[in-house]
Amino acid sequence: MSVANRRKNAAKGNLSKWIVSTGLVLCLAMSVVMLYPALQNYYIAYRVNEQLLQEHAAVEDRNSHIRSQIAYLNTPEGISDRARERFGWTPHGEQAVNITGLAISESSTVLPQAVPNGSGELTETWWIKFLDVFFAIEEAPVPDPIPDPFIP
């Protein structure tokens, strides 16, 4: 084999390597371009899901507090306290006294605040911050409100 043939074969080898590497780069670029919107939607759905899970946990805490209030109000002491608080009722043998000037404390029968829509907060980790920048998300997406069946 002559030197010219070797150079020719080396040039062909370099050309084929260049074509393969260019093809791989083009395939990778097309994959990123085609998958980016789907990955962005997936990431947004992930964030909304995490936010809704935190809101659900807050609603569960509120519901357990309400259940404990109901359980207390179903006792004789709870009924007595509620009647005293709401209507000024005093049992036989007690006298009612009105004290003013004190800070108003929360009643034991006041319902806790409702959990507002979009109140869940995501834990800010380095990869959440990176993906927010990568997918151009400026703030956490707020899910559509679910209508309350008890409010007309």
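The values are calculated or read from the model by the stated rules, or taken from the named source; none is laboratory data. Here the structure is a predicted model, which is why all the values come from computation and not from measurement. In this analysis, Cβ positions are derived from the backbone assuming ideal geometry, glycine residues included, and neighbour counts consider all displayed protein chains. Side chains are part of the model used for accessible areas, which takes the heavy atoms of the whole protein and leaves out ligands, DNA and RNA. Shrake-Rupley method; radii C 1.70, N 1.55, O 1.52, S 1.80 Å.
Odds and ends about this structure:
- Projecting label points 7 angstrom from Cα along Cα→Cβ for residue 35 and residue 50 puts them 2.0 nm apart.
- Each residue of the stretch 41-48 was assigned a 3J(HN,Hα) from its phi angle through the Karplus curve 6.51 cos²θ - 1.76 cosθ + 1.60 (θ = phi - 60°); the sequence is 4, 4, 5, 4, 5, 4, 5, 5 Hz, with glycine and proline shown as x.
- Pairwise FRET efficiency - residue 117 versus residue 20, Cβ, R0 = 41 Å, nearest 0.05: 0.20
- Whole-Hz couplings from phi, Karplus 6.51/-1.76/1.60, listed for the stretch 57-74; x for Gly and Pro: 4, 5, 5, 4, 4, 4, 5, 5, 5, 5, 4, 5, 5, 4, 4, 5, 6, 8
- Estimated at the nearest 10 Å², the accessible area of residue 127 is 90 Å² with a 1.4 Å probe.
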